[in-house]
Amino acid sequence: MKIVVAYKWAPNPQDASVGVDGAVDWSRAKPGISEYDPVAIELARRLAEATGGEVIALTAGPKSVDASMARKAALSRGFDRAVIVADDALEGAGTTELAAVLAAAVRHIGDVDVVITGDSSVDVGAKMVPTVLAGQLGWPAVAEVTAVSGSDPAAGLLRVERAITGGTQVLEITGPAVLAASTDAAVPRVPGMRDILAAGKKPVETLEVPALDVPASGTTVTVTATARPDLKARKGQLIDTADPAAAAAELVAALRADGAI
Amino acid sequence: MSINIWIVVAGDPAVGNLIDTARSLGGQVCAAVVGSRVVADTVAAGGVDKVVWFGEPGKAPVEAFATAAADVIEATPGVVLGASRASDRVLLGAVAARLQAPVLTAPSSVSAEGDTLVVTRSIFSGIAEETVTVSGPVAVVLDGGPIPVANPAGGSALMEEVSAVTLGMTVVETHSSDFEQVDLGAAPRVVGIGRGLKAPGDLAMIEALAKASRSEVACSRPLAEGLDWLHKDRYIGVSGQHIAPEVYFAIGISGQLQHMVGVRGATTIVAINSDPNALVFTEADYCLVGDLYSIVPALTDALR
Ligand SMILES: Cc1cc2nc3c(=O)[nH]c(=O)nc-3n(C[C@H](O)[C@H](O)[C@H](O)COP(=O)(O)OP(=O)(O)OC[C@H]3O[C@@H](n4cnc5c(N)ncnc54)[C@H](O)[C@@H]3O)c2cc1C
């Protein structure tokens, strides 16, 4: 099987700072493999181990996604090779644009049986790239996937388990398909020293957007204002806990005084 | 708005907020409904102008109709609204792809100015907000809201049944487990527990506090996904529930952005954490630095 994992090299908004005008400054937020993507990689590796086949890393973003640290971080996680669309034109690209580029790259790779993604990216977190990607390819998509196996890999049949409200469901899907992993689908392996050393030797194909066949959008989106959300001022009152009973009494008294309980 | 407004429905009729939002834009509202006839009828009676229904799904999951939904909406593209649930996102994603339409998530307001759509939305897990104007087809992901109430005057939208070519997907097994449904949004007080809890058996201690303080129990995402100690319905944050209770007790929760964004509307936040540098203390009204295993039982006693 040819398995692609679409991952993101992105910073955590927690580490960004936001100006009073709502401008986001990412300069102190270090990017990394997006928090939930290792889960997708683990699912892909298990599928590859069970069915035979290769696992290909795919990402798209500005040039920084192709930095040597970024490449190593991805390739040390057990990929066979990587396809990286690195183009500064993708700085701040929206969901649909990114998904269109990823879809074009999947077509470029060719004969892909399944694309697996994480639940959501740490920076944007829209949970929409996998579904728009599937739409671009005309493939089935399923989110909240907890397990995947090749029920008849030769026939392109996938057995996919997913979480639904109050339970689980098993689907049989005629691939190729796009699957978004639930955050708890698998516990990712931690790369060891050997994986990190081997990462440098794995083949990487780097592309720019013009090399791909990416459809354009006819919609214009204009940002007319940005703002920093108005957070409630908090009291930040410290309650001494040396004596838990006294601390509890003080808290209850304070909450009663506030009319909160 | 003179452009087309669509809502996509993925087997779950809890789309009241989509209908209200679509209506507020002031144009014709069409619903593309995947699911049973009952779902289509509920939507048709709930205040839309027209329903396109794809027929009984049988063993096909909702997602199998993604291409069919895109086909229908492509004929009269416009503003397309969908709920943030997993299956709804699949349908909306397929439509957005077909229209090459941008996707906007987490809106706090959606309005129309002539033929442009104006959306104010939260970005990057809520650290900032932006207002955008959009001209052309666009997909917007919103909270689905409740099941719409039928128009008391009776009457229902025009229903058109179309036959759909489905994608190759079949449901082969469904397992449901019992869980107690909870409306955290309506609870005046909520006790949130995080990874500071050491064992699932210790939840009894948290439940005792919830009982004494007449609160509902909620949690951080890792407790619901990964540890599975509480149902997914109960986790709070950017990808979970957003609540604004009178009091939120954050216990053994580090207070990362993705969690806290779900409780920023709380009137009072109490934080209990053994790490004096935990982020949660920067967003709390009352800060108790210490072991939750000694503070929680004491607090429960004090409230009784
Ligand atoms: C895209 C994305 C979306 C996410 N969405 C959500 C979301 O919706 N909701 C959510 O909750 N998270 C979400 N997360 C995860 C989030 O970033 C945090 O990882 C998570 O909230 C941490 O949970 P926690 O505070 O329970 O665990 P930890 O961060 O591990 O914190 C545990 C805390 O317990 C304290 N502690 C330990 N022992 C004790 C003790 N005996 N007494 C008192 N305190 C103790 C520790 O000091 C620590 O602060 C998301 C992440 C990503 C990347």
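Observations
- Top positive-direction residue, dipole computed over chain A with Cβ charges, set A:A248, A:G78, A:T174: A:G78
- The order of the peptides A:23-36, A:133-146 by mean Cβ neighbours within 10 Å, most packed first, is A:133-146, A:23-36.
- Antiparallel DSSP beta bridges within the stretch B:4-161, percent to nearest 5: 35 percent
- Only beta bridges with both residues in chain B are counted; by DSSP, about 20 percent of them are antiparallel.
- The label-point distance for B:V118 and A:V204, in a model that sets each label 7 Å from Cα toward Cβ, rounds to 4.6 nm.
- Alpha-carbon Rg/Rh ratio, for the stretch B:184-303, with Rh computed the Kirkwood way: 0.91
- Between the listed residues B:T166, B:L292, A:G22, the Cα displaced farthest toward the positive end of the dipole of the protein assembly as shown, a dipole computed from Cβ unit charges relative to the Cα centre, is found at B:L292.
- Sequence-ordered 3J(HN,Hα) estimates for the stretch B:178-187 from the Karplus curve with 6.51, -1.76 and 1.60 and θ = phi - 60° stand at 6, 8, 8, 6, 9, 9, 4, x, 8, 6 Hz, glycine and proline given as x.
- Distance cut-off 19 Å, percentage of C-alpha pairs in the stretch A:1-57 lying past it: 47 percent
- Packing rank of A:219-227, B:6-14, A:51-59, where each peptide gets the mean count of other beta carbons within 10 Å, highest leading: B:6-14, A:51-59, A:219-227
- For the stretch A:60-82, backbone nitrogen atoms closer than 15 Å to the point 7 Å from A:A211 Cα along Cα-to-C-beta are found at A:60-67, A:82.
- Legend: translational diffusion of the stretch B:4-161 by Stokes-Einstein, Rh = Kirkwood radius over C-alpha pairs, 4 °C, 1.567 mPa s; D = 84 µm²/s.
- Distance between modelled label sites at B:T267 and B:V165, nm, 7 Å Cα→Cβ extension: 5.8 nm
- Debye intensity ratio I(q)/I(0), log10, chain A, q values 0.08, 0.14, 0.15 Å⁻¹ (C-alpha model): -0.41, -0.95, -1.05
- Karplus (6.51, -1.76, 1.60) ³J(HN,Hα), θ = phi - 60°, over the stretch B:79-93, in Hz, Gly and Pro reported as x: 8, 10, 10, x, 7, 7, 5, 4, 6, 4, 5, 5, 5, 5, x
- Net charge of Cβ neighbours under 12 Å - reference B:G290; Lys, Arg +1; Asp, Glu -1: -4
- Debye equation applied to the C-alpha atoms of the stretch A:7-155, log10 I(q)/I(0) at 0.10, 0.11, 0.13, 0.21 Å⁻¹: -0.35, -0.43, -0.59, -1.55
- Equivalent ellipsoid dimensions for the protein assembly as shown as semi-axes, Å, which come from the Cα gyration tensor, largest first: 37, 30, 24
- When each of A:K30/A:K202; A:K72/A:K201; A:K2/A:K63; A:K30/A:K232; A:K127/A:K201 is checked by Cα-Cα distance, pairs over 21 Å: A:K30/A:K202; A:K2/A:K63; A:K30/A:K232; A:K127/A:K201
- Only Cα sites of the stretch A:110-236 enter the Debye sum here, all with the same form factor; the resulting log10 I(q)/I(0) across q = 0.09, 0.19, 0.21 1/Å is -0.44, -1.22, -1.30, listed in q order.
- Simple label model, 7 Å out from Cα along Cβ direction - B:K59 to A:D15, nm: 4.9 nm
- Shown here are the Rg and Dmax of the Cα trace of the stretch B:14-94, at 11.9, 37 Å.
- The A:R228 and A:A253 beta-carbon pair, evaluated with R₀ = 41 Å, returns a calculated FRET efficiency of approximately 0.75.
- Rg over Rh for chain B works out to 1.04, both radii taken from alpha-carbon positions and Rh defined as the Kirkwood radius.
- With Cα atoms, 0 to 90° folded angle of helix A:244-257 axis to chain A main axis: 80 degrees
- Translational diffusion coefficient of the stretch B:120-233 (Stokes-Einstein, Kirkwood radius from Cα pairs, 20 °C, 1.002 mPa s): 109 µm²/s.
Read-outs: derived from the displayed coordinates by stated rules, not from any lab. Nothing here was measured: the structure is a model prediction, and the numbers come from that model. Using ideal geometry, Cβ is built from the backbone for each residue, glycine included, and neighbour counts are taken over all protein chains shown.
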